[in-house]
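**Q** So that we are looking at the same thing, I have put the structure below in structure tokens.
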Amino acid sequence: MPKRVPAGAAVLQPQVTEAITMAAFTELAEVGYGKLTMEGVARRAGVSKPTLYRRWSTKEQMVLAIVNEVAIGAADLPDTGTLHSDLRAYLKATAEGVTHPLAARIIPDLLAQAMRIPALADALQNGIGRGRRAKAAEILGRAIDRGELPADLDIELALDLAIAPLFWRLLLGGDPAAPDYLDKVTDMLVTAFGG
């Protein structure tokens, strides 16, 4: 007997997923994590609460899933063939991500909430943090394989150094996505890493 294909609400339709994702990000930006509700996201997305609960059992799971997908997905960059180009593309994608109008409001709120909610802190560090670091580590690993960087490069320290200038500039009110700034940071990092 052929297997029955799920229909209706059992199918995770891409347009519904996109609507929920946008609604969740907009709600997060407007009300923050503390006041975010599944009901508010469902209403904004134009779906029922059961539609959300079929996908995630808590708001924490929903938020982490959508933030994780976007944050780690944004770090998926092609291999350009050189450390300089790979690193510049990674820095550009990261800077554009943290300066996006929604992300600029969501990221500080999530980090503040993580200080109060250990489970959220753990999920952000182990999910998003490690996922993005792994993508950046691939860039450095490829450069080592190509002979552009020394084999004994301290990859963990290099990853810290790569991202720190963007957040420091953002914290001080500058534009970390400015092309000339990204060019200078890329040049300095390649030199600092021994490339």
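The values are calculated or read from the model by the stated rules, or taken from the named source; none is laboratory data. None of these values were measured; they are calculated from a predicted model. All Cβ positions, even for glycine, are placed from backbone atoms using ideal geometry, and neighbour counts span all protein chains on display.
**Q** Name the residue, out of LEU83, LEU87, that is touching a Lys or Arg at 6+ places or on another chain (Cβ under 9 Å), assigned by TED's automatic domain parsing to the domain that holds ALA112 and at pLDDT 95 or above.
**A** Criteria check complete, one pass: LEU83.
**Q** Further question: Can you give me the number of residues within segment 98-119 that are more than 15 Å from the chain's Cα centre (by Cα) and closer than 15 Å to LYS35 by Cα?
**A** So the count comes out to 5.
**Q** Of the residues ALA136, ALA158, ALA103, only one is of a type outside the set (Phe, Trp, Tyr), closer than 23 Å to PHE25 by Cα and touching a helix residue (DSSP H, G or I) at 6+ places or on another chain (Cβ under 8 Å); which?
**A** Selected residue: ALA103, the only one of ALA136, ALA158, ALA103 that is of a type outside the set (Phe, Trp, Tyr), closer than 23 Å to PHE25 by Cα and touching a helix residue (DSSP H, G or I) at 6+ places or on another chain (Cβ under 8 Å).
**Q** Going through ASP175, ASP152, ASP145 one at a time, which residue ends up being in contact (Cβ under 8 Å) with a residue 24 or more places away in the chain, surrounded by fewer than 16 Cβ atoms within 10 Å (Cβ to Cβ) and more than 30 Å from GLN61 (Cβ to Cβ)?
**A** ASP175
**Q** Please tell me if ALA137 is under 17 Å from the mean Cα position of the chain (by Cα) and either surrounded by 14 or more Cβ atoms within 10 Å (Cβ to Cβ) or acidic (Asp, Glu) (or both).
**A** Answer is yes for this residue.
**Q** Can I ask one more? Scan segment 104-121 for residues that are without any contact (Cβ under 8 Å) to a residue 60 or more places away in the chain and surrounded by 17 or more Cβ atoms within 10 Å (Cβ to Cβ) and report the count.
**A** 2
**Q** Which numbered condition in (1) outside any helix (DSSP H, G or I); (2) closer than 30 Å to ASP175 by Cβ is the only one that VAL47 fails?
**A** All conditions are met except number (2).
**Q** Which members of segment 30-64 meet the condition of being surrounded by 16 or more Cβ atoms within 10 Å (Cβ to Cβ), under 19 Å from ALA104 (Cα atoms) and hydrophobic (A, V, I, L, M, F, W, C)?
**A** LEU36, VAL63, LEU64
**Q** Hey, can you tell me all the residues within segment 18-47 that are of a type in the set (Ser, Thr, Tyr) and either in contact with a Leu (Cβ under 8 Å, 6 or more places away or on another chain) or at pLDDT below 95 (or both)?
**A** Selection gives THR21, THR26, TYR33.
**Q** Do you know which residues across segment 170-195 are of a type in the set (D, E, K, R) and either within 16 Å of ALA136 (Cα to Cα) or at pLDDT 95 or above (or both)?
**A** ASP180, ASP183, LYS184, ASP187, listed by residue number.
**Q** Restricting attention to segment 73-93, report how many residues are crowded, with 17+ Cβ neighbours inside 10 Å and under 8 Å from the mean Cα position of the chain (by Cα).
**A** Qualifying residue count for the region: 2.
**Q** Just a yes or no: is a residue in segment 56-65 touching a helix residue (DSSP H, G or I) at 6+ places or on another chain (Cβ under 6 Å), under 30 Å from GLY194 (Cα atoms), in contact (Cβ under 8 Å) with a residue 12 or more places away in the chain and assigned to a helix (DSSP H, G or I)?
**A** No, because not a single residue in segment 56-65 is touching a helix residue (DSSP H, G or I) at 6+ places or on another chain (Cβ under 6 Å), under 30 Å from GLY194 (Cα atoms), in contact (Cβ under 8 Å) with a residue 12 or more places away in the chain and assigned to a helix (DSSP H, G or I).
**Q** Considering segment 65-105 alone, what residues qualify as being over 24 Å from ALA164 (Cβ atoms) and among the hydrophobic types (A, V, I, L, M, F, W, C)?
**A** Residues satisfying the conditions are ALA65, ILE66.
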